[in-house]
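> Quick one: this structure, given as structure tokens, is what I'll be asking you about.
Derivation of every value follows stated rules applied to the coordinates shown; laboratory data play no part. Computed from a predicted structure; not experimentally measured. Neighbour counts are summed over all protein chains in view; Cβ atoms, including those assigned to glycine, are modelled from backbone coordinates with ideal geometry.
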Amino acid sequence: MKAKVDPDLCIGCELCVSTAPEIFKMEDDKAVAYIDIVPKELEEACRQSVDECPVSAIIIED
């Protein structure tokens with residue numbers, strides 16, 4: 001699984017960073033996914049971040 005954040009949609013709310021800090025971090029005022037492949041043990045947190053994102057800026061590729 002890969003995760004990425006669409007910078008055009010991200011509003012910088014930091015929900016993904018608080019839910020899955022092992023995957024997401026803030027760069028300037030936008031969130032970014034900073035690991036290439038999401039480890040199996042973090043997939044649930046990654047999916048939760050997708051569900052919680054208020055602007056649907058997180059994309060998961062299986």
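> Look at segment 25-43 and say how many of its residues are touching a Gly at 6+ places or on another chain (Cβ under 8 Å) and over 12 Å from CYS53 (Cβ atoms).
3
> Do you know which residues across segment 2-24 are among the aliphatic types (A, V, I, L, M), assigned to a helix (DSSP H, G or I) and closer than 14 Å to VAL55 by Cβ?
Of everything in segment 2-24, just one residue is among the aliphatic types (A, V, I, L, M), assigned to a helix (DSSP H, G or I) and closer than 14 Å to VAL55 by Cβ, namely LEU15.
> Where the second residue is acidic (Asp, Glu) and the first is closer than 12 Å to LYS4 by Cβ and lies in segment 47-58, which pairs have Cβ atoms under 8 Å and are six or more apart or on separate chains?
ALA57/ASP6; ILE58/ASP6
> Going residue by residue through segment 31-51, is there one that turns out to be surrounded by fewer than 17 Cβ atoms within 10 Å (Cβ to Cβ), in contact with a strand residue (DSSP E or B) (Cβ under 7 Å, 6 or more places away or on another chain) and in a strand (DSSP E or B)?
no
> Could you please let me know if LYS2 is in contact with a Cys (Cβ under 6 Å, 6 or more places away or on another chain) and of a type outside the set (Gly, Ala, Ser)?
no
> Report every pair of residues separated by at least 6 positions or lying on different chains whose Cβ atoms are under 8 Å apart, first residue within segment 1-25 and free of Cβ contacts under 8 Å to residues at least 24 places away in the same chain, second exposed (fewer than 13 other Cβ atoms within 10 Å of the Cβ) and of a type in the set (D, E, K, R).
From segment 1-25, the pairs are GLY12/ASP29.
> Quickly run through segment 1-16 and pick out the residues that are crowded, with 17+ Cβ neighbours inside 10 Å and β-branched (Val, Ile, Thr).
Across segment 1-16, the qualifying residue is only VAL5.
> Restricting attention to segment 52-62, and to residues there that are out of contact with any Leu (no Cβ under 8 Å at 6 or more places or on another chain) and surrounded by 11 or more Cβ atoms within 10 Å (Cβ to Cβ), which single residue is farthest from CYS13 (Cα to Cα)?
In this case the residue turns out to be ILE60.
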